[in-house]
1. Against the conditions (1) in a loop (DSSP other than H, G, I, E, B); (2) touching an Asp or Glu at 6+ places or on another chain (Cβ under 8 Å); (3) aromatic (F, W, Y), where does F84 fall short? Just the number, please.
2. Take the residues of the range 16-36 that are over 19 Å from G83 (Cβ atoms), not in a loop (DSSP other than H, G, I, E, B) and not small (G, A, S): which is farthest from the chain's Cα centre (by Cα)?
3. For the range 44-65, give me the residue count where each residue is among the hydrophobic types (A, V, I, L, M, F, W, C) and out of contact with any strand residue (DSSP E or B) (no Cβ under 6 Å at 6 or more places or on another chain).
4. Please state which of the following conditions T68 fails to meet, knowing it meets all the rest: (1) loosely packed, with under 15 Cβ neighbours inside 10 Å; (2) more than 30 Å from D19 (Cβ to Cβ); (3) among the hydroxyl-bearing types (S, T, Y).
5. Would you point out the residue of the range 3-23, among those that are buried (at least 19 other Cβ atoms within 10 Å of the Cβ) and under 20 Å from A93 (Cβ atoms), that is modelled with the lowest pLDDT?
Amino acid sequence: MKSKTYALHITSHHNLVSDTWTSDVRALERGIGAFPARRDSAHECDVALFEMAGDPHLHVNVTHRLETRPVTGWSGPGASKNGFIHNRTFDSATTAEILRDIRRMVFAARA
């Protein structure tokens, strides 16, 4: 598992069980790293990109420290000791579409 931290208090990590999503995840992490910096802490979050054995989808969890409003296509929020988790899966979307959806969730308005 690799983890990266970006200037606007976003961390990301991934856990892949195959090579199916490897190039996409690398591109997604570069894209997340290029998100514009924001000075407030409202968007502090962790992005987890992962696969599950026997499931061909890419799973994405975005965990915000503070609760956010729902974003279309994302489930949640679930509450954990680390914050509020929203998740979704991807199967046939392009890397650009996945990154767009992650960006929407990362920058979701506070609840």
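The values are calculated or read from the model by the stated rules, or taken from the named source; none is laboratory data. In this text the structure is predicted, and so the values were computed from the model without any measurement. Glycine gets a Cβ as well: all are built from the backbone with ideal geometry, and neighbour counts include every protein chain shown.
1. (1)
2. Once the filter is applied, the top-ranked residue is T22.
3. 2
4. (1)
5. Looking at residues that are buried (at least 19 other Cβ atoms within 10 Å of the Cβ) and under 20 Å from A93 (Cβ atoms), I get S12.
Okay, residues lined up against (1) within 17 Å of H9 (Cβ to Cβ); (2) at pLDDT below 95; (3) outside any loop (DSSP other than H, G, I, E, B):
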position: D40; (1), (2), (3): yes, yes, no
position: L58; (1), (2), (3): no, no, yes
position: V62; (1), (2), (3): yes, no, yes
position: V71; (1), (2), (3): no, no, no
position: A108; (1), (2), (3): yes, yes, no
